[in-house]
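Structure first, then comments.
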There are 2 protein chains.
Amino acid sequence: MEREAAKLLDARDPLARFRDRFSHPDPELIYLDGNSLGMLPLRSRERLREVVDTEWGAGLIRSWNAGWVALSQRTGDLLGSTLLGATAGQVAICDSTTVNLYKLATAALDQRPGRRVIVSDLHNFPTDRYVLEGIAAQRDLELRLVEFDELSGPTPTALDAAMDADIALVCLSHVDYRSAAIADMAAVNAVAHDHGALVLWDLCHSVGAVPVELDATETDFAVGCTYKYLNAGPGAPAFVYARRELLARARQPIWGWFGQTDQFAMGPGYQPQPDIRRFLAGTPPVLGISLVEEGVRLLAEAGIDALRAKGVALTNLAIDLFDEWLAPLGFELASPREAAVRGSHVSLAHPEAYRISRALIERENVIADFRGPDRLRIGPAPITTRFVDVWDAFARMRSLVETGAHLGFGADRAAVT
Amino acid sequence: MEREAAKLLDARDPLARFRDRFSHPDPELIYLDGNSLGMLPLRSRERLREVVDTEWGAGLIRSWNAGWVALSQRTGDLLGSTLLGATAGQVAICDSTTVNLYKLATAALDQRPGRRVIVSDLHNFPTDRYVLEGIAAQRDLELRLVEFDELSGPTPTALDAAMDADIALVCLSHVDYRSAAIADMAAVNAVAHDHGALVLWDLCHSVGAVPVELDATETDFAVGCTYKYLNAGPGAPAFVYARRELLARARQPIWGWFGQTDQFAMGPGYQPQPDIRRFLAGTPPVLGISLVEEGVRLLAEAGIDALRAKGVALTNLAIDLFDEWLAPLGFELASPREAAVRGSHVSLAHPEAYRISRALIERENVIADFRGPDRLRIGPAPITTRFVDVWDAFARMRSLVETGAHLGFGADRAAVT
């Protein structure tokens, strides 16, 4: 595979023009960590200026009625209709993924009184496991962590084998944060529903990267973050989805004034909103949600099908280069080979993955992501990454490990997804 | 009282120079709603540009280790040491006031197993009441809402009369959002502690306006928002305080990865941080917390004693003008006359308060705050308000009501604190 071939893919890429919609203060940097923190859209910088200077600085308190009050739901509806397959009134932007998991898991469990088990993936993302562990401890329930095969994820068959009539809630990630294995949402939902359980999906590594159809798959609840593929900035607020049929009776545990019907009457007694706003709690982070709106608009303009097609092509290229250059150097593929069940990142295992990741950053100006104990995650966000970036990054990895140059790097071990 | 007298007060005001540290796109606007949403500090605009362009845009994922990971606690420590009388490790910036109330109230109740009552103020801010109502419903506890005198707030004597041995938690606002009555934190804490209860304070209308001494008053838990007197922007993240002696065993309900010891090991089993970070949950909102840091720096530079002195002088002026001009027009003072027990806003009751508030905004370019059913809240934030602003606003209120011009205004009724 020659570099010219990658350049040709870029020349034919219908999304190539989107690269210029992002800030590139260091044009030489190869950023393959869009699955941890997305890049800065230029339009978001402008939007922030408008929100800060005009809406806050000039509008002051008047801006609440001029638009801020409706921002959580308006942005949720936009996200739902463009990237989640969810009709209006079921998605809102609020709080963090962790807080939202807590709210939805609690609401789900309240729908299944008497059942005493929560099922999740033994290797689910830590905050998901911790939240469920905490809820199980408080409610004296069992958290049953099932070890699914990393490369196939929680298949319907594997889940079915773990199900019984005592399971209230199944909480899983749609795309595995390690391997990028994609779960079959519709089939998993059907299995859980057959056993009378509800399902809560974590879409952090899916939203904006792979098509999601929440309504059509009969998903019950979902959460996800916006700072990865949606490019809404560090610690941007997350989203919640609750299926319309469940909304009328699903109550979240944190009763706050933004979840209250007729909020500004400020009356006695909590009466939750009829729609997804009942999952709001406190005053929404206006700056953060505004950047979510910009991020979603940008991805919606590119189109999820085009983004998915490019994500497949980029990771296919990565796997081809792995086969040709890296497999002989002791790397192993830790993601599915089959594109249809692989999200937009590729994991490679190598005993020196940490040193390699440090050498890539410090010497090669390539940012990929290390995940302990031995994983290098290559996350080429479709909207910002060129095929030639993948080619160059893999060429440098090959050269690093061939020469042993990576062995001089690596001390502390910290990273944020 | 002549306008010249107000101008003289401005000429002698040691904080007058701080007005120029804020954005004034409309220099004629008189903004008396700093107790709902603080104004935009110029330095915050710059800081946001740095965080967005440099830390996010250029630094990307590297910025987590370069500073973002420590931001919640660093900013909490700064806030604690400059405005809350709290030594390091007890304050963090995270989530919303509502979510933080939920976390702390739950943690407090877990410390008093067997006790079945939560006490709060019947007229406490709605989100506080709703959160406690929700917790009481979930835990099958009693929420006992005590009607304290609005002008004296929850006095130690009144609270003592409501206490019994079944009360686990007392949750009160330090400064009443309606009347601005200041509670005696040390004495209230002592009363609650004498009865074996813990106390959770809402400092939303205190922080940055009146001195707070959390350590010295033996406060157990506190929350507060940063978008009022701290000028951190719409929906900016809130703060939590937990007393050092309680931290080791106090557990919050939302177990997330930012509360986890050795977070990036991403290991099995939740082990909370030893300090206030155990009250963090999800990924912190970096842009929001950065603006909290700038807001706190600005107030710390002005100094809480100088801010408090000016707050007293501004509200004294407002009350003098009320006596002279507005009392004869049917207004009533709904705040304490005694400055020592009054926060930085003044409430006036008038049957046409809503129409007056609309006429002030739409015709007089004066923003004050309406609170149902009949209150006008005048919130002259000490760091941004001139004495002449108060004089002008009151002169216009007098003129409006004398001429009946306010009767042509007022339709919808929405406002956000």
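Return yes when B:Thr87 is hydroxyl-bearing (Ser, Thr, Tyr), in the same structural domain as B:Tyr177 (by TED's automatic domain parsing) and outside any helix (DSSP H, G or I) and no when it is not. When the stated conditions are applied, B:Thr87 passes them. Of A:Arg377, A:Arg278, A:Arg297, all but one fail to be within 17 Å of the chain's Cα centre (by Cα), of a type in the set (Lys, Arg) and surrounded by 21 or more Cβ atoms within 10 Å (Cβ to Cβ); the exception is A:Arg377.
For segment B:341-364, enumerate the residues that are in contact with a helix residue (DSSP H, G or I) (Cβ under 8 Å, 6 or more places away or on another chain) and in a helix (DSSP H, G or I). Scanning segment B:341-364 gives B:Arg355, B:Ile356, B:Arg358, B:Ala359, B:Leu360, B:Ile361, B:Arg363, B:Glu364.
Whether any residue in segment B:2-25 is at the interface with chain A (Cβ under 9 Å from one of its Cβ atoms), of a type outside the set (A, V, I, L, M, F, W, C), free of Cβ contacts under 8 Å to residues at least 60 places away in the same chain and within 30 Å of A:Phe370 (Cα to Cα) is what I want to check. No - not one qualifying residue is present in segment B:2-25. Apart from one condition, B:Gln90 fits all of (1) buried (at least 18 other Cβ atoms within 10 Å of the Cβ); (2) facing chain A (nearest Cβ under 9 Å); the exception is (2). So which residues in segment B:245-267 are at the interface with another protein chain (Cβ under 7 Å from one of its Cβ atoms) and of a type outside the set (Gly, Ala, Ser)? Once the filter is applied, which keeps residues that are at the interface with another protein chain (Cβ under 7 Å from one of its Cβ atoms) and of a type outside the set (Gly, Ala, Ser), segment B:245-267 yields B:Pro253, B:Ile254, B:Trp255, B:Trp257, B:Gln260, B:Phe264, B:Met266. Among the residues of segment B:31-43, those that are more than 8 Å from chain A (Cβ to nearest Cβ) and buried (at least 24 other Cβ atoms within 10 Å of the Cβ) comprise B:Leu32, B:Gly34, B:Asn35, B:Gly38, B:Pro41. Here A:Asn316 fulfils each of the conditions (1) touching a residue at least 24 places away in the same chain (Cβ under 8 Å); (2) assigned by TED's automatic domain parsing to the domain that holds A:Gly404; (3) not basic (Lys, Arg) apart from (1). Among the residues making up segment A:126-142, those that are on the phi < 0 side of the Ramachandran plot and surrounded by fewer than 18 Cβ atoms within 10 Å (Cβ to Cβ) are A:Ala137, A:Gln138, A:Arg139, A:Glu142.
Taking the numbered list (1) within 18 Å of B:Pro27 (Cβ to Cβ); (2) crowded, with 22+ Cβ neighbours inside 10 Å in turn, B:Asp392 passes all entries but (2).
Only one of the listed residues (A:Gly408, A:Gly330, A:Gly404) is free of Cβ contacts under 8 Å to residues at least 60 places away in the same chain, on the phi > 0 side of the Ramachandran plot and more than 14 Å from every other protein chain (Cβ to nearest Cβ). That residue is A:Gly404. Scan segment B:232-241 and tell me whether some residue there is farther than 29 Å from B:Leu376 by Cα, away from chain A (no Cβ under 14 Å) and either among the acidic types (Asp, Glu) or out of contact with any strand residue (DSSP E or B) (no Cβ under 9 Å at 6 or more places or on another chain) (or both). Scanning segment B:232-241 turns up no residue that is farther than 29 Å from B:Leu376 by Cα, away from chain A (no Cβ under 14 Å) and either among the acidic types (Asp, Glu) or out of contact with any strand residue (DSSP E or B) (no Cβ under 9 Å at 6 or more places or on another chain) (or both).
The single condition among (1) assigned to a helix (DSSP H, G or I); (2) surrounded by fewer than 17 Cβ atoms within 10 Å (Cβ to Cβ) that A:Gly114 does not meet is (1).
In segment A:345-366, the residues that are over 26 Å from A:Val312 (Cα atoms) never reach a residue that is among the β-branched types (Val, Ile, Thr) and surrounded by fewer than 18 Cβ atoms within 10 Å (Cβ to Cβ) with C-beta atoms less than 6 angstrom apart, at least six apart or across chains. Taken together, the residues in segment B:282-302 that are facing chain A (nearest Cβ under 8 Å) and more than 18 Å from A:Gly233 (Cα to Cα) amount to 0. The criterion of at least 1 residues that are closer than 27 Å to A:Gly67 by Cβ is met, among strands (runs of 3 or more DSSP E) falling completely within segment A:193-292, by A:221-224, A:238-242. Taking only segment A:164-192 into account, find how many residues are assigned to a loop (DSSP other than H, G, I, E, B) and either more than 30 Å from A:Ala318 (Cβ to Cβ) or at pLDDT below 95 (or both). Counting residues in segment A:164-192 that are assigned to a loop (DSSP other than H, G, I, E, B) and either more than 30 Å from A:Ala318 (Cβ to Cβ) or at pLDDT below 95 (or both) gives 3.
Could you check B:Val210 against (1) over 23 Å from the mean Cα position of the chain (by Cα); (2) over 27 Å from A:Phe239 (Cα atoms) and say which number it fails? Among (1) over 23 Å from the mean Cα position of the chain (by Cα); (2) over 27 Å from A:Phe239 (Cα atoms), B:Val210 violates only (1).
The values are calculated or read from the model by the stated rules, or taken from the named source; none is laboratory data. Everything numeric in this text was worked out from a predicted model, so none of it was measured. Every residue, glycine among them, receives a Cβ derived from its backbone with ideal geometry; neighbour counts consider all protein chains shown.
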